[in-house]
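The values are calculated or read from the model by the stated rules, or taken from the named source; none is laboratory data. This structure is a prediction, so every number in the text was calculated from the model and none was measured. Don't worry about glycine lacking a Cβ; one is built from the backbone with ideal geometry, like all the others, and counts go over all protein chains shown. Ligands, DNA and RNA are stripped out before the accessible areas are found, and what is left, the full protein with its side chains, is counted by its heavy atoms. Shrake-Rupley method; radii C 1.70, N 1.55, O 1.52, S 1.80 Å.
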Amino acid sequence: MIEFFNLLSNREISIIIWTLLIFSILIIISKGSLGKLWSVIKALFAKKIIPFYIIIGLYLFIIISIFRKLSIWEFSLYKDFIYWFLTTGLVLFFGVSDLKNYKDFTKIILTATSLTIILEFIVGFSNFSLIWELILIPSLTFISILSVFADLKKDDPNTKIVAKFLKNVLAIIGFGFLIYGIYKLVVDYADFFTLSNLKSFLLPPLFTLIFLPIIYYTVLYVKYEKVFGNLRRYKFLPLERKKKIRSSILRYAHINLNYIENANKIILFKKRELQNETDIKSYLRKNVKLKQNA
């Protein structure tokens, strides 16, 4: 454990300290916050979600085990893996409802493989002393929050000027971090261009791409649950008819997101056809596989 904490940079230590401090203050000053926190924890560990946690845990364990067998993995990568999982992995998992079509997955891939990650890595390579990091982290966070709130009220001319000013401040600070990072890269190039740093740089985009199949099948589950949930509500359809509709949708939509969306539209807006079509399988095959307009 001590060896793991030795891997943390001053910036990461600062983020942990401020996160724990703010979290503790919120717990102390908020009435009934412990009860609300317990409600959130129970929601996070609901029976429906636990199987996904198990699948994700086993999947990532197998991936890391393969990397270890290939002598690619090293202890220092656990820090990068935990950071990736908390900031990207969980965000992707709990944001599956926002992934509606293949374009959304394409955006994730493009983001994970964009040139931005190189700049972020260079900026992350440059660390200040712990004292400076403890000052910078809350200051930048505060400015960022002000910028977001000012941007929300940009209809007001005065607020619009403030929003623009704060964005310029953040841009200047970001540019300063980048210049300092490039400077550190040039001065300490021997420390930067190492195999460990290369692995650390490649881990986030690689694990994001590796994680996408799990996210894809989670999206499929959510979409099918939505379709079949709508179907279950219909009391005018006999049980055998529902089974036939359900099996036909599974057969013809399969793992195609667009086809599942077509199926959901049929369930919602074609109630008469679902009840009266004599050959329901043929009807669903023809309509589920309709190509959607771009």
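Placing a label point 7 Å from the Cα of His254 along the Cα-to-Cβ line, the residues of segment 78-121 whose backbone N sits under 17 Å from it are 102. On the basis of the beta-carbon distance and an R0 of 51 Å, Ser39 and Lys281 show a calculated FRET efficiency of 0.70. Computed with a 1.4 Å probe over protein heavy atoms only, the accessible surface of the chain comes to 67 Å² per residue. In the structure displayed, which of Lys47/Lys235; Lys79/Lys107; Lys243/Lys270 lie more than 21 Å apart, Cα to Cα? In this structure, Lys47/Lys235; Lys79/Lys107 lie more than 21 Å apart at Cα. For segment 207-260, the alpha carbon convex hull comes to 70 Å³ per residue, rounded to a whole number. Compute the Cα gyration tensor for segment 71-195, then decide on rounded, prolate or oblate, letting a ≥ b ≥ c be the square roots of its eigenvalues: rounded whenever a/c is under 1.5, prolate when a/b is larger than b/c in the other cases, and oblate in all that remain. Oblate, because a/c is 1.5 or more while a/b does not exceed b/c. An oblate overall shape is assigned to segment 115-272, the ratio a/c of its alpha-carbon gyration tensor axes (a ≥ b ≥ c) being 1.5 or greater and a/b not exceeding b/c. Between Tyr59 and Ser196, the contour length at 0.36 nm per residue exceeds the Cα-Cα span by 47.0 nm.
Measuring nothing but protein heavy atoms, the accessible surface of the chain at 1.4 Å probe radius is 69 percent carbon and sulfur. For a straight C-alpha distance cut-off of 20 angstrom, the aspartates and glutamates reachable from Lys48 (same-chain residues fewer than eight places away being disregarded) are Asp98, Glu225.
Can you compute the helix-only [θ] at 222 nm over the chain? Use -39500 (n - 2.57) per DSSP H run of at least 4 residues, normalise by all residues, nearest 500 deg cm²/dmol.
About -25000 deg cm²/dmol.
Loop only per DSSP, at most 14 neighbouring Cβ atoms within 10 Å: give me the chymotrypsin sites (Phe, Trp or Tyr not before Pro) in segment 67-104, ordered by residue number.
Taking segment 67-104 and a limit of 14 other Cβ atoms within 10 Å, the loop chymotrypsin sites (Phe, Trp or Tyr not before Pro) found are Phe75.
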